[in-house]
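None of the figures in this text is laboratory data; all of them are computed from the coordinates on show. Remember, it's a predicted structure, so these values are computed and weren't measured experimentally. Heads up, the Cβs are rebuilt from the backbone with ideal geometry, glycines too, and the neighbour counts pull from every protein chain shown.
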Amino acid sequence: MTLSTIIILSIFIILAFYFDVKTKKIPNKLILIFAPIAVINSLLVGGVTGLLFSAGAMLIAGAIMMFLYILKAIGAGDVKAFAIIGLITNIEFVLYCMFYTIIVGGIIGALILLFTRTFLSRMVNVLYSIWSSIILKSTAPMETFKVTQAKTMPFMVAVLPGAIIAFYYVYLA
């Protein structure tokens with residue numbers, strides 16, 4: 001990874017983190033600013049081949065994250081953010097970044113539940129909702145749980161450390 005790629009990626013993730021924590025949204029303007037920057041960087045660093053690899057990483061990252069969006073696990077801004085991370089970097093980095101982000105997100109979520117002392121009651125409610133969905137052959141109990149009891153956190157809170165861990169293991173270890 002070149003210095004220009006590291007700088008662009010760092011600025012993008014820090015800005016996305018800031019907006020996601022502050023407003024719980026990643027603005028489209030941020031995506032629209034960084035997309036051409038990533039394309040130009042990919043062309044300068046790797047030529048047309050580099051651009052094609054980055055575009056492939058963007059499409060694959062976007063497709064994987066779109067699956068999580070359809071399941072309502074993440075927001076649309078997170079899908080676009082990972083697509084841009086793929087466009088800035090490459091397929092190897094973005095896949096590792098997704099992997100570590102999901103692990104960090106799970107750890108943060110578990111810690112939040114443990115420290116708010118709601119872990120056991122939430123797990124019972126989740127299992128009850130799953131069981132009810134199976135018995136009724138309907139997703140309505142799960143949808144009700146999501147609307148009334150599910151807690152959310154800005155996903156970029158997990159992406160920032162996930163990207164740092166991915167950078168370490170992909171490029172430094």
(message) Ratio of alpha-carbon Rg to the 2.2 N^0.38 Å globular estimate for the chain, to two decimals, please.
(response) 1.15
(message) Which aspartates and glutamates, if any, have their Cα less than 15 Å from the Cα of Lys72, not counting same-chain residues under 8 positions apart?
(response) Glu143
(request) State the three equivalent ellipsoid semi-axes of the range 35-87, derived from the C-alpha gyration tensor as the square roots of 5 times its eigenvalues, in descending order and whole Å. (result) 24, 10, 5
(request) Quick one: angle between helix 119-136 and the longest Cα principal axis of the chain, in degrees between 0 and 90, rounded to 10, please. (result) 80 degrees
(message) Using Cβ counts within 10 Å as a stand-in for footprinting exposure, how do Ser129, Ser121, Ser4 rank, fewest first?
(response) Ser121, Ser4, Ser129
(message) Taking 22 Å as R0, compute the FRET efficiency from the Cβ-Cβ separation of Val157 and Leu120 and round it to 0.05.
(response) 0.40
(request) Give the cross-link partners of Lys24 among the aspartates and glutamates, using a straight C-alpha distance below 20 Å as the criterion and excluding same-chain residues fewer than 8 apart. (result) Asp78
(request) Rounded, prolate or oblate: pick one for the range 56-140, where a ≥ b ≥ c are the square roots of the eigenvalues of its C-alpha gyration tensor, a/c under 1.5 means rounded, and failing that, prolate if a/b is larger than b/c, else oblate. (result) oblate
